[in-house]
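What follows is one structure encoded as structure tokens, with my remarks underneath.
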Amino acid sequence: MSRTQRPASSADREIVRVIYEQHKGVMYRTARANVRDQAEADDVVNDALMRLFRKADKLAAMDRPAVAAYVANTVFSAAMDNERRHHAERRRTERACTVMPDETVPGPEEGFLEHEERSDRVRLLHEALEELPEADRVLLVGKYVEGVSDQMLAARIGVKPASVRMKLTRARQRIKRIIERKEADGDA
């Protein structure tokens, strides 16, 4: 919950329940008109209800025609956000699956060699992680494997959130030096 968002009350829930009962027809018509299928329409309506829930106090002060217009606009906005998300996902998938004209798809031998090389790099990375101090390991694994936020990382290692970026930079530099040393020693 953000700082500006107030806690939900039973009155808010009742306001949104009544709005849903009065306007569910227009909500679903608007959703279906702007998405591909019924399942997506249901998701859009649910998203819109969550948005309306956050504005329950504002909606309670409006007259019924204004509420109807607000509801339809909110559903339309949720549908457009849904379409933007799908479009971005399609673009990411297309980019990931596209073979550039000057690229060749590796055969079985090249694929095996690439796998072996990748396995060596992964082994080297694991070994380097083991040599790092615990705090560096927690930072790097938390950030790049688990996807933990800077605030959570700060709590894990007991520092201020503002210093996490600097500590991550130093941890990356240390692991890079360890890997370079191992490669130079022929451990790769």
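Annotations for the structure displayed:
- Pairs beyond 28 Å (Cα-Cα), from K143/K182; K58/K143; K58/K160; K143/K176: K58/K143; K58/K160
- Estimated FRET transfer efficiency when R0 is 41 angstrom, pair R17-R85 (beta carbons, to 0.05): 0.90
- Modelled FRET efficiency - R0 30 Å, D43 with R165, Cβ distances, 0.05 increments: 0.25
- The simple Förster model, with R0 at 22 Å and r as the Cβ-Cβ distance, assigns I157 and E127 a FRET efficiency of 0.50.
Any read-out appearing in this document is the output of simple, stated calculations on the displayed coordinates, not a laboratory observation. Predicted, not measured: the structure shown is a model, and the values here were computed from it. Cβ sites come from the backbone with ideal geometry, for glycine too, and all protein chains shown count toward neighbours.
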